[in-house]
Every structure is written in structure tokens, then in C-alpha cells.
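Trainee: First, the structure itself, so that you have it in front of you.
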Amino acid sequence: AAMNTAGIGQWTAAPLVPGAQPAGEAIAVTNPADRREVVGHWQAADATTVERALANAVAAHAGWDATPAGARAALLEHAADLLEARMPQFMAMCVKEAGKTLADGVAEVREAVDFLRYYALQAREHFAPITLPGPTGESNQLQLAGRGVFACISPWNFPLAIFLGQIAAALAAGNTVIAKPAEQTNLIGFAAVQLLHEAGIPQDVLQFVPGDGATVGAALTRDARVAGVCFTGSTETARLINRALASREAGPIATLIAETGGQNAMIADSSSLPEQVVKDAMGSAFTSAGQRCSAARILLVQDDIADKVITMLAGAMAELKVGDPALLSTDVGPVIDADACQVLTAHAQRMDGEARLIARTPLPPETEHGTFFPPTAWELPSIDLLREEKFGPALHVVRWKADELDAVVDAINATGYGLTLGIHSRIDATIDRIVARAKVGNIYVNRNQIGAVVGVQPFGGQGLSGTGPKAGGPHYLPRFATEKTVT
Ligand code: ADP
């Protein structure tokens, strides 16, 4: 079926804040696969609009919190139905604004639908009052309630799934929400918020304030009226937000739920199957052009199979198709913008000097007007050569010897990140040993190391990778709520 591209060029985004004046100049959004194509325009929220949004959100909180959790859940479920019915439009936006492949676009919409349904279900469960024993014969109940105003600040790499997931959890738990999408994906965010309004979420309960992180994002996080921030993005920005919340001199001690970066590895021992190692390493490293929090950046291969794995990897990378993500035949699309390209290019220059090139998939001529980076793999003498996370299709292979298994896991732990880890081995004792030693949130054994299946595999990390609890897991929703014991 052809992609539904109706509306491209006319897509728009502007603040959705009742009572605010119309926003300023329109900024063009271009297609990452071909920067000559304008896909829409957006307008940022100014300081007055942000102030208005905060005042509206405070005023709307009591009414929304008093709405029964089941009624809030029903609205989110209605939104899930609407979104499912409009998959083609949202998929097209994921391709044209975020540079996602068609397969990624489908997965993205599905994940967003799953989040809406899962948090609706969770709201019904958690918000049912819990009756506790009353030793003296008194009644004793635990109830949940919303905390107040939540700021949801999200990234461009899952512009629909993470964006809606954060909002759905905050709304389900009885908070009013001010949503700030990433600068790169305002059009998708705007369409998603409009859809929630259409599903029945009141306009002042969920507001949309596009704009720069340093201005709009910072204005939200320093404001004493914000009771909680749900953030996904870089570790560096999570620290800035933490600092902003900590230096407020009034208002509640705010909750921060942050999901941040990773420096993810996959370990393969000599009992593993090289074909499967290569398939899963490439699936993790290059899907979504490597722009997933879960992506494996480091492949640690035991020395006796390393030559074979490296040869197969080079062969398979020569077959990868880089190009326009709107074509079904494309494996790897563009990276998000020119800045991302620049960071990756600088990294590649350093690696070309310090490591051995294994393969670099050539960019075909039709990519010249887009922000593309060629999938590349290097062999490194040590993982110590890798510093901070590089978000793109870059894979680093390091060999290890039989007696170095614990040292390998320790070296991964020493990065300080703790998001995903892949294990390829047919020896149970080895798998168990790595699982016990690794300080990471999500472990994938003899399978693709990729993302999460909502409600089946809660996703999130530890250390520099985030605060927890895991998105899509049973402990996530309660973090958005406050508890009342009534005795
Ligand atoms: P990335 O490196 O993936 O672009 P960022 O952490 O820069 O990640 O961005 C994630 C989100 O955080 C975006 O919506 C961005 O606008 C927002 N953001 C960036 N800086 C700040 C800040 N100082 N305060 C609040 N939000 C911010």
C-alpha cells in the first residue's frame, strides 16, 4: 500500500493553550531524507503563553483529579482507538518529520497505542482504593491522587510513542499536563495532542507548548507550580532539569522521572552462533539509524570466533540499503538533523585514526540532500576508547579472552550507564554469571536487543541511564501519583 502522504507541506504546529494569543513566526520543517522538501511549519510558545499554560494547568487540576480514574482511563482508550484508525497519517509523519523507516513508523504508532491502553489499565488497577487492616476496628484505606501539574519533556527519537506514553501516564494518574515536544518533532506532537483533545481530554488539562529546551523547557522546570517532570533525553539535560528543580525556593519538592542515555553492549562468547550474533548486533545497532536508546554500540566478541564474526559483519553491512525511509526497500534512513551528522562525523574521524575500520556502508547519490551518516563498524583495542554515547549507526567491536568475562562486564559497568545489554551464549552458567554481574536495566539473551514490548517488557535503566521506574512497567504509574492514607 502506498504511504498516506496527504497533508505534507501543510502540517502545522503551534501552542495549544486556551486563552493565549496566537504565536509568532512560522518556522519551516524539512524532511531529513531531503532537506529541500518542506513538510510543514511550527510556531513556538513565548513566555506569556507558557505562563498562561501554567495558570490554566493549576486551575484545571482539581476537576481532573476528581474525575474518576475509570473515566480518565476511558478517554485514553478512546484516544488509542482513534490513533489506531489513523495509523497511516501518523506513520507518514514519523517518516517525513523524523526520518523513520516505514517499519519503524508502524512500530512507533503501535507502541503509542499500547502505552495509552496500558496506562489506562494501570489507572483502573492502582486507583482502586486499597483497604488495609484496621487493628483497632477503624477503617483504614490507602488512596492515590494526582500530584498536580506535570511537565512532560520528550525526545525526537520516539516522537509519538514516548511523547504520548509520558502524557498518558501523567493524565491517567490525575495530573494536568503541559507537554513540550523535542524541537525536531513538533508536527507529530501537535497532531498527537489534538487527537487526545478529540478523544475528550479537556483543553486545559492537556496543553502543548513547543519551543526550545533552553527557553520553554527551562521555564517549565524552574516554575514552582510544576509538581513533577517526566523527561526522556540526554543525561546532561536530566542533570540540568534536576538542578532547576532543586534550586526552586517555593513549591513542592518536585518528582523527576527521567529516562536518559546508554552506552549499550552485546557480549558474545565462543559458544554463540556467529550468524545470529551478526544479525542481532546489526539489528540493534543500525535499526532506526542507530537512534534508539536501546541500540548496541559495542559488540564484545570472544577471540576464537571474532574473525568469523567480523568477516560476516562486513559482508552483511555491504548489503544494507541506506536511503529514503519512505521506500519499503530501505534499511537505514537519515539521522535526525545536521547537528547529529556533525557529531557522528567528528566521532568517525577520531575512530578512523584510533581504531581499525571493519566496514562503512556507502551512501548512494540520492542521499546527498539529506542528513545521512553511513553505517560504520570499527574494531577497537579497548572499550575505554569510547567516551559518551554516540547516537547513530556506529558499531564498535572489541575482542576478549576466555578468562576476561568478569572484566568485560566490569568494563561495561564502569561506563556508568546501565540501560541495555545483549548476551549471546549457549552456556547457562555464563548467561547467569553475566546477568548477576551487570548493572543494567534491560537484558536480552540470544535475541534482538531492541526497545520494549509494552506491558510485556518494562523498559528503562539505572545509573546515568535514568531514575526508573521503568516505562511500560507496573511501578511506573504510581510515581506520577501521591498517596493518601485515610484512617
Ligand atoms: P537530545 O540530545 O536527544 O536532543 P536533549 O536532552 O537535548 O536530547 O532533549 C530532550 C528534550 O529536552 C527536548 O524536548 C529538549 O527541548 C529538552 N530540553 C533541552 N534542554 C532543556 C533544559 N535546559 N530544560 C528543560 N528541557 C530541556
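Every number in this text was worked out from the coordinates using simple rules, so none of it is lab data. It should be emphasised that the depicted structure is a prediction, and the values quoted were computed from it without experimental measurement. For neighbour counting, all protein chains shown are included, and Cβ atoms are generated from backbone atoms with ideal geometry for every residue, glycine included.
Trainee: Any chance you could run the full-extension gain for Glu368 through Lys279? It's 0.36 nm times the residue separation minus the Cα-Cα distance, nm to one decimal.
Mentor: Values: separation 89, 0.36 × 89 = 32.04 nm, distance 2.79 nm.
Extra length available between Glu368 and Lys279 comes to 29.3 nm.
Trainee: Got a sec? How would Tyr444, Tyr476 order by Cβ neighbour count within 10 Å, fewest to most? Working shown, then result.
Mentor: Values: Tyr444 20, Tyr476 25.
With the sparsest Cβ surroundings first, the list reads Tyr444, Tyr476.
Trainee: Near Glu366, within a Cβ-to-Cβ distance under 10 Å, what is the net charge of the other residues, with Lys and Arg +1 and Asp and Glu -1? Walk me through the numbers on the way to the answer.
Mentor: Numbers: positive: none; negative: Asp34, Asp324, Glu368.
Charge balance in the 10 Å sphere: -3.
Trainee: I would also like to ask the following. Which percent, nearest 5, of DSSP beta bridges in the chain are antiparallel? List each step's numbers first, then the result.
Mentor: Numbers: 22 of 66 bridges.
Percentage antiparallel, nearest 5: 35.
Trainee: If the label point is 7 Å along Cα→Cβ of Asp406, which residues in the stretch 299-335 have backbone nitrogen under 20 Å from it?
Mentor: Residues 301-303 qualify, since their backbone N sits under 20 Å from the label point.
Trainee: Let me ask something else about it. Note down the nm distance, to one decimal, between modelled labels 7 Å out along Cα→Cβ at Ala436 and at Glu249.
Mentor: Those two pseudo-labels are separated by 5.3 nm.
Trainee: Something else now. Please compute the length gained on full extension between Ala47 and Leu82, using 0.36 nm multiplied by the number of residues separating them and subtracting their Cα-Cα distance.
Mentor: On the way: separation 35, 0.36 × 35 = 12.60 nm, distance 3.24 nm.
Gain on stretching Ala47 to Leu82: 9.4 nm.
Trainee: Right, next: Once the other residues with Cβ under 11 Å from the Cβ of Ala407 are scored (Lys, Arg +1; Asp, Glu -1), what is the net sum?
Mentor: Result for the neighbourhood of Ala407: -2.
Trainee: Please turn the phi angles of the stretch 402-414 into ³J(HN,Hα) values with the Karplus equation 6.51 cos²θ - 1.76 cosθ + 1.60 (θ = phi - 60°), one per residue in order, whole Hz, x for glycine and proline.
Mentor: Karplus-based 3J(HN,Hα) across the stretch 402-414 equals 3, 8, 9, 4, 4, 5, 5, 5, 4, 5, 5, 4, 5 Hz.
Trainee: For Leu206, list long-range residues whose amide hydrogen, built 1.01 Å from N in the peptide plane, is under 5 Å from its own amide hydrogen.
Mentor: When sequence neighbours closer than 5 places are left aside, the close amide H contacts are Val177.
Trainee: At 0.36 nm per residue, and after removing the present C-alpha to C-alpha distance, how many nm does the segment from Ala71 to Val486 gain when stretched out fully?
Mentor: Difference between extended and current length: 147.1 nm.
Trainee: 7 Å from Cα along Cα→Cβ at both Gln462 and Ser271: what's the point-to-point distance in nm?
Mentor: 2.5 nm
Trainee: Between Leu385 and Ala28, take the C-beta separation as r, use R0 = 60 Å, and let me know the FRET efficiency to the nearest 0.05.
Mentor: Numbers: r = 39 Å, r/R0 = 0.65.
Once the sixth-power term is evaluated, E becomes 0.95.
Trainee: Further question: With the cut-off at 19 Å, tell me which of the pairs Lys308/Lys439; Lys279/Lys321; Lys96/Lys390; Lys308/Lys390 have Cα atoms farther apart than that. Intermediate results must be reported in sequence, preceding the final value.
Mentor: Values: Lys308/Lys439 29 Å; Lys279/Lys321 15 Å; Lys96/Lys390 23 Å; Lys308/Lys390 26 Å.
The answer is Lys308/Lys439; Lys96/Lys390; Lys308/Lys390.
Trainee: A further question follows. Which whole-Hz ³J(HN,Hα) couplings does the stretch 326-339 yield from phi under the Karplus relation 6.51 cos²θ - 1.76 cosθ + 1.60, θ = phi - 60°, glycine and proline marked x?
Mentor: Whole-Hz 3J(HN,Hα) from phi for the stretch 326-339: 6, 9, 4, 7, 7, 8, 10, x, x, 8, 5, 7, 5, 4.
Trainee: Oh, and also: Mind listing the long-range amide H neighbours of Ala182? Cut-off is under 5 Å, sequence gap 5 or more, other chains count too, H placed in the peptide plane at 1.01 Å from N.
Mentor: Residues meeting the amide H criterion: Ser154.
Trainee: With θ set to phi - 60°, apply the Karplus curve 6.51 cos²θ - 1.76 cosθ + 1.60 along the stretch 427-437 and write out the HN-Hα couplings as whole Hz, x wherever there is a Gly or Pro.
Mentor: 10, 4, 4, 5, 4, 4, 5, 5, 4, 5, 8
Trainee: Please sort 112-120, 163-171, 22-30, 88-96 by packing, taking for each peptide the average over its residues of neighbouring beta carbons within 10 angstrom, highest first. Don't skip to the end; give the middle numbers.
Mentor: On the way: 112-120: 26.2, 163-171: 29.8, 22-30: 13.9, 88-96: 24.3.
Ranking the peptides 112-120, 163-171, 22-30, 88-96 by packing returns 163-171, 112-120, 88-96, 22-30.
Trainee: With just the Cα atoms defining each centre, how far is the stretch 66-121 from the stretch 313-372? Give it in Å.
Mentor: Measuring centre to centre over Cα atoms gives 30 Å.
Trainee: Sticking with this structure for a sec: Give me the lysines in straight-line cross-link reach of Lys484: C-alpha distance below 30 Å, same-chain residues under 8 apart excluded.
Mentor: Lys180, Lys470
Trainee: Hey, can you grab everything whose amide H is under 5 Å from the amide H of Ile423? Only 5+ residues off in sequence or another chain; H modelled, so Pro and N-termini drop out.
Mentor: Ile267, Tyr444, Val445, Asn446, Arg447
Trainee: Please find the FRET efficiency linking Ala6 to Ala318, where r is the Cβ-Cβ separation and R0 is fixed at 35 Å, and quote it to the nearest 0.05. It would help to have the intermediate numbers written out before the result.
Mentor: Values: r = 37 Å, r/R0 = 1.06.
Calculated transfer efficiency: 0.40.
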